[in-house]
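Working notes for the structure below.
The values are calculated or read from the model by the stated rules, or taken from the named source; none is laboratory data. None of the values given here were measured: they were computed from a predicted structure. So basically every Cβ, Gly included, is an ideal-geometry build from the backbone, and we count neighbours across all protein chains shown.
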Amino acid sequence: MPAPRILILDDDPALLDALTQTFKLRFPAAVVDCTSSPHDAQSAIQNGQYDLVICDVKMPHMDGVELLRRLKAAQTGTPVVVVTAAVEEGLVEAATEQGAKAVLRKPLDRDDFFRVIRAILDKPDDTAGPSRARLPTRSAP
């Protein structure tokens, strides 16, 4: 079974690095790419390269909800988990309406975060991404 491909999109370099390192510990088989550009992410996702996208909401040039709208319109089927520190009213509803599989608040609780990731990647759902690969796990030290 192919290794799952995950894209992390956030404008915070520290979070990108922390999540990448944590994925390496908890899901060593996963291929994790990072970007701070919503436009680059949109292009890569529409080319069918990812099984899961983790996306911030507040970013320059395009917010996460707009990216979700564009992905929904393009019918990519790639599941997206939205992470945000924003507490704006209606944000969760807007993200969910545009197809987010989950909306998680920053700072992230790592155990909850990876429980959500595992549930999405392990769910037998034909619309959840190109390979539907399952992740072997290893608990973080």
**Request:** Test VAL81 against the criterion of being within 18 Å of LYS123 (Cα to Cα) and not small (Gly, Ala, Ser), and give yes or no.
**Result:** yes
**Item:** GLY129, sole failed condition from (1) under 12 Å from the mean Cα position of the chain (by Cα); (2) of a type outside the set (A, V, I, L, M); (3) closer than 26 Å to PRO2 by Cβ; (4) at pLDDT 90 or above
**Value:** (4)
**Complete:** Those residues of the range 63-113 which are surrounded by fewer than 16 Cβ atoms within 10 Å (Cβ to Cβ) and among the hydroxyl-bearing types (Ser, Thr, Tyr) amount to THR96
**Subset of the range 45-79 that is of a type in the set (Val, Ile, Thr) and in a loop (DSSP other than H, G, I, E, B) - its residue that is farthest from the chain's Cα centre (by Cα)** = THR76
**Asked** Is the range 80-90 home to any residue that is on the phi > 0 side of the Ramachandran plot and either in a helix (DSSP H, G or I) or out of contact with any Pro (no Cβ under 8 Å at 6 or more places or on another chain) (or both)?
**Response** yes
**Message:** Among the listed residues ASP40, ASP63, ASP12, identify the single one that is closer than 19 Å to LYS101 by Cα and modelled with pLDDT under 95.
**Reply:** ASP63
**Message:** Condition (residue is in a loop (DSSP other than H, G, I, E, B) and either surrounded by 17 or more Cβ atoms within 10 Å (Cβ to Cβ) or in contact (Cβ under 8 Å) with a residue 60 or more places away in the chain (or both)) applied to the range 13-25: is it met by at least one residue?
**Reply:** no
